[in-house]
Amino acid sequence: MGSRRSWVLAVLPVLALSACGGSRLGHDAIVAAAGGGTPPAAVAPQQGTAQTLPQNGSVAAAPGTSEIVGGGGAATAPALSGERAAPAGAASSGGGSSAGGGATISQPTAARPAGPLAPIVLGNVGTYSGPAGSSTAGTDTAVQVWAQWTNAHGGIAGHPVQVFTADDGGDPQRSLALVKDMVENRHVIAFVANQVPFTMRAQLPYLHQHNIPLVGGDNTQPLWTEDPLAFPLGTTIAEAVLGDYKEAHRRNLPKLGLLYCIEAPACTYIHDYTANGGAAKAGEELVYQSQISLTQPDFTAQCLGAQSAGAQVIFLGMEANSILRVAASCSRQNYHPFYIATSAQTTRDLEGDKDLEGFFATAQDFPYMVGNTPATAQFQQAVQQYAPDLRLSGATTIAWASGQMLAKSLARVGAQAGSQDVLNGLWSIHDETLGGLTPPLTYVRNQPAPPVGCYYLIELRGGRWTSPSGDTYAC
């Protein structure tokens, strides 16, 4: 959850505009490995467009013409400081920097026009810089990839899709301001794939005032199953952590250590769940626990403490960069436990680190290295077409699945789409897997989403992330 730059909470975000089911498998059957391929070289942006390059990949513009207007023009809403929009058909990451004084805004284009109907306008606000960014960066780009792919394939019920994305930098006040701007000035009808481990609570009261749903997101805190406007996409947090503990016990690793961050409510929740029966529920014994900071440069004290306590496996409640520092610190003490986490914390940056060999994690949605079903193949094709340099992660698959669920909810919408249409469509979802992108999902009218206990599994083998069970989930 952090970039390699210093953590600045009050950043000025970049606001960007562009516009076969899984099967069930028991723990003991998770045995075969599956690897991923190498993406092609990046596609250069169209000449003459103001492309914002994400920290972890570029998004190629879809075929078509680009029209860039100034701060006025087609979109007359005032721009927040630091806002910037991508050119027509091009997606931008919220993690970049503004290159001009005013916002540039354009309409998305598509290889095949989505249709003449009014656009469906969506928002995405998340923490894509600071420590959280090492795990969440790329979500905003992945949402834009989904929008471009959707528009190139007919849109949603004939409606083109427009998506605004923004980085809140982990600042709750900034996050709320961005959400307000998107609702009141951009007229978004839903938010898709918000990665908000620090800022979700700041957004929810305002979203309730306007009855606007959150469709998918970080899924790392209990708010996702406590609030009726939150619709989690994939395994919910307690169930994902329990899945890790079950897998550890199945591998005869009964002595558990836990390192959890001080900065995020999600980390505190993982600690409380683990210490108050979660570990024991899987047959694990919690022998060591320590709170840490995401800005902590060294973890030698924690490694020595876990080693002395006999911890065989350590759950890491932190982002990817901190995970790398923990592994290095423990290795220097000749301590090599197994490490576990949820896939929302993992990225390809962890590949190739010998100290992390054998790391395994529950994946809330389909493993990002697979593409052997029609639904997962679409994801891989879209990334290669629109963002070949995108660093895939658990967060990027959540973004794609969230977009597909939004499309599913509006599949029968009429000439005008609103927030209530999204909600009505979501409340009709029952045991939906989106062709194998998620475990079975069900939503209930005006009620919090029920917990989702099924999950996928990924593991570092030979220095690469693999999916031992492919696209098959366990429960």
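Things to note:
- Hits in segment 346-359 - residues which are open to solvent by less than 10 Å² (accessible area, probe 1.4 Å) and under 18 Å from the mean Cα position of the chain (by Cα): Thr346, Thr347, Leu350
- All of Ala142, Ala193, Ala147, Ala166 fail the test of being closer than 30 Å to Gln296 by Cβ, in a helix (DSSP H, G or I), of a type outside the set (S, T, N, Q) and touching a strand residue (DSSP E or B) at 6+ places or on another chain (Cβ under 8 Å), apart from Ala142.
- Considering residues of segment 332-345 that are more than 20 Å from the chain's Cα centre (by Cα) and of a type in the set (Ser, Thr, Tyr) only, the residue nearest to Thr274 (Cα to Cα): Tyr339
- Note on segment 283-301: residues that are touching a Leu at 6+ places or on another chain (Cβ under 6 Å) and open to solvent by less than 30 Å² (accessible area, probe 1.4 Å) total 3.
- Considering (1) in a helix (DSSP H, G or I); (2) closer than 23 Å to Trp146 by Cβ, the lone condition that Tyr206 does not fulfil carries the number (2).
- Taking each residue of segment 109-133 that is at positive phi and open to solvent by less than 20 Å² (accessible area, probe 1.4 Å) and looking for partners that are of a type outside the set (Phe, Trp, Tyr) and modelled with pLDDT of 85 or more with beta-carbon atoms closer than 8 Å, six or more apart or interchain, yields Gly130/Gly169; Gly130/Gly170.
- The residues in segment 263-309 that are under 18 Å from Glu247 (Cβ atoms) and acidic (Asp, Glu) can be counted, and the count is 2.
- Count of segment 302-331 residues, restricted to those that are open to solvent by less than 10 Å² (accessible area, probe 1.4 Å) and under 20 Å from the mean Cα position of the chain (by Cα), is 8.
- Of all positions in segment 449-461, at least one carries a residue that is open to solvent by 60 Å² or more (accessible area, probe 1.4 Å), in a strand (DSSP E or B) and modelled with pLDDT of 95 or more.
For every residue, the table says whether it meets (1) open to solvent by 10 Å² or more (accessible area, probe 1.4 Å); (2) in contact with an Asp or Glu (Cβ under 6 Å, 6 or more places away or on another chain).
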site	(1), (2)
Thr199	no, yes
Tyr206	yes, no
Leu214	no, no
Leu258	no, no
Ala266	no, no
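- Filtered residue count, segment 425-443, keeping only those that are open to solvent by 10 Å² or more (accessible area, probe 1.4 Å) and on the phi > 0 side of the Ramachandran plot: 3
The values are calculated or read from the model by the stated rules, or taken from the named source; none is laboratory data. Model, not experiment: these values are computed from the prediction. Positions of Cβ are backbone-derived with ideal geometry, glycine not excepted, and every protein chain shown enters the neighbour counts. Ligands, DNA and RNA are excluded from the accessible area calculation, which covers all protein heavy atoms including side chains. Shrake-Rupley method; radii C 1.70, N 1.55, O 1.52, S 1.80 Å.
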